[in-house]
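The values are calculated or read from the model by the stated rules, or taken from the named source; none is laboratory data. Because the structure is predicted, anything quoted here is derived from the model rather than measured. All Cβ positions, even for glycine, are placed from backbone atoms using ideal geometry, and neighbour counts span all protein chains on display. Quick note on the areas: whole protein, heavy atoms, side chains included, nothing else; ligands and nucleic acids left out. Shrake-Rupley method; radii C 1.70, N 1.55, O 1.52, S 1.80 Å.
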Amino acid sequence: MKRFFKYFSIFACLFVALSSCSDDDFISEYDTHKDEYTVRYNVTYSTTYDFHNIAYISFTSFFDYSNNAVKYTGQPTQINRSFDGTEEYVTISRVPKGSQVEFSTYVDVAEALPNTKVEISIEIVKGKEYGSTEVAKATAECPLKGNPLTISYDIPNK
């Protein structure tokens, strides 16, 4: 009986200690915490042209990519980059509540490519939930550098 109480007290202590830990105690700096959002930016061009190194996207991130190190800052930073092909998506973790995010795209050519359309969207997921919700979407004819297709969304403050 003494052994039973000994093991029972050890089990009870472990149960209390583990149940008091929150999920955020066991995730890395780069994982989305339960009070933050994950944002996915999507772009799809429908075209018959070769898009090698002429399509660009710009999106809001909350990481600092300078000095060859990626560090979470919680401050909005606009990232600009090209992509190869006609489709791209970018997933950004750790987006704070109440933030505004923006996504845009353009094709770097002298004049609009005929029969070229684009669709962009923003999807969000809160914390550790599954399944994203599309919150912003836009379509257009071939957007050019001086007039990119841009959408934005205010992340809920809850």
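Taking the stated definitions as given, is VAL95 of a type in the set (A, V, I, L, M), crowded, with 19+ Cβ neighbours inside 10 Å and under 12 Å from the mean Cα position of the chain (by Cα)?
Numbers: of a type in the set (A, V, I, L, M): yes; crowded, with 19+ Cβ neighbours inside 10 Å: yes; under 12 Å from the mean Cα position of the chain (by Cα): yes.
Yes; evaluated as a whole, the condition is true for this residue.
Just to verify a result, which residue in the stretch 98-113, among those that are among the small types (Gly, Ala, Ser) and under 26 Å from LEU144 (Cβ atoms), is surrounded by the fewest Cβ atoms within 10 Å (Cβ to Cβ)? The selected residue is ALA110.
Determine whether the stretch 80-88 contains at least one residue that is among the hydrophobic types (A, V, I, L, M, F, W, C) and either modelled with pLDDT of 95 or more or over 23 Å from GLU29 (Cβ atoms) (or both). Please lay out each step first, then the result.
Kept after step one, since they are among the hydrophobic types (A, V, I, L, M, F, W, C), are these residues of the stretch 80-88: 83.
Narrowing further to those that are either modelled with pLDDT of 95 or more or over 23 Å from GLU29 (Cβ atoms) (or both): 83.
Within the stretch 80-88 (the criterion being among the hydrophobic types (A, V, I, L, M, F, W, C) and either modelled with pLDDT of 95 or more or over 23 Å from GLU29 (Cβ atoms) (or both)), the answer is yes, since at least one residue qualifies.
Quick one: count up the residues across the stretch 46-61 that are in a strand (DSSP E or B), among the β-branched types (Val, Ile, Thr) and surrounded by fewer than 16 Cβ atoms within 10 Å (Cβ to Cβ). I'd like the intermediate steps shown before the answer.
Step one: list which residues in the stretch 46-61 are in a strand (DSSP E or B), which gives 46, 55-61.
Those still in the list that are among the β-branched types (Val, Ile, Thr) too: 57, 60.
If we keep only those that are surrounded by fewer than 16 Cβ atoms within 10 Å (Cβ to Cβ) as well, we get none.
Qualifying residue count for the region: 0.
Out of PRO76, PRO148, report the one residue that is closer than 23 Å to ASN53 by Cβ, touching a strand residue (DSSP E or B) at 6+ places or on another chain (Cβ under 6 Å) and either of a type in the set (A, V, I, L, M, F, W, C) or touching a residue at least 12 places away in the same chain (Cβ under 8 Å) (or both).
Working: PRO76 fails: closer than 23 Å to ASN53 by Cβ.
None of the other options fit; the residue is PRO148.
I'm told ASP64 meets every condition in (1) open to solvent by less than 60 Å² (accessible area, probe 1.4 Å); (2) in contact with a Lys or Arg (Cβ under 7 Å, 6 or more places away or on another chain); (3) more than 25 Å from GLY146 (Cα to Cα) except one. Can you identify the failing condition by its number? Answer for ASP64: the failing condition is (1).
For the stretch 134-156, name all the residues that are of a type in the set (D, E, K, R) and within 18 Å of the chain's Cα centre (by Cα). Break it down into steps so the answer makes sense when it comes.
Residues of the stretch 134-156 that are of a type in the set (D, E, K, R), as a first pass: 134, 137, 141, 145, 154.
Across the stretch 134-156, the qualifying residues are GLU134, LYS137, ASP154.
Being in contact (Cβ under 8 Å) with a residue 60 or more places away in the chain and more than 28 Å from SER28 (Cβ to Cβ) is a property that TYR41 lacks.
Mind checking whether some residue in the stretch 114-125 is among the hydroxyl-bearing types (Ser, Thr, Tyr), open to solvent by less than 30 Å² (accessible area, probe 1.4 Å) and within 19 Å of TYR49 (Cα to Cα)?
Keep residues of the stretch 114-125 that are among the hydroxyl-bearing types (Ser, Thr, Tyr), which gives 116, 121.
The next check asks that each one be open to solvent by less than 30 Å² (accessible area, probe 1.4 Å); those that pass are 116, 121.
After this cut, where a residue has to be within 19 Å of TYR49 (Cα to Cα) as well, the list is 116.
Yes, the stretch 114-125 has at least one match.
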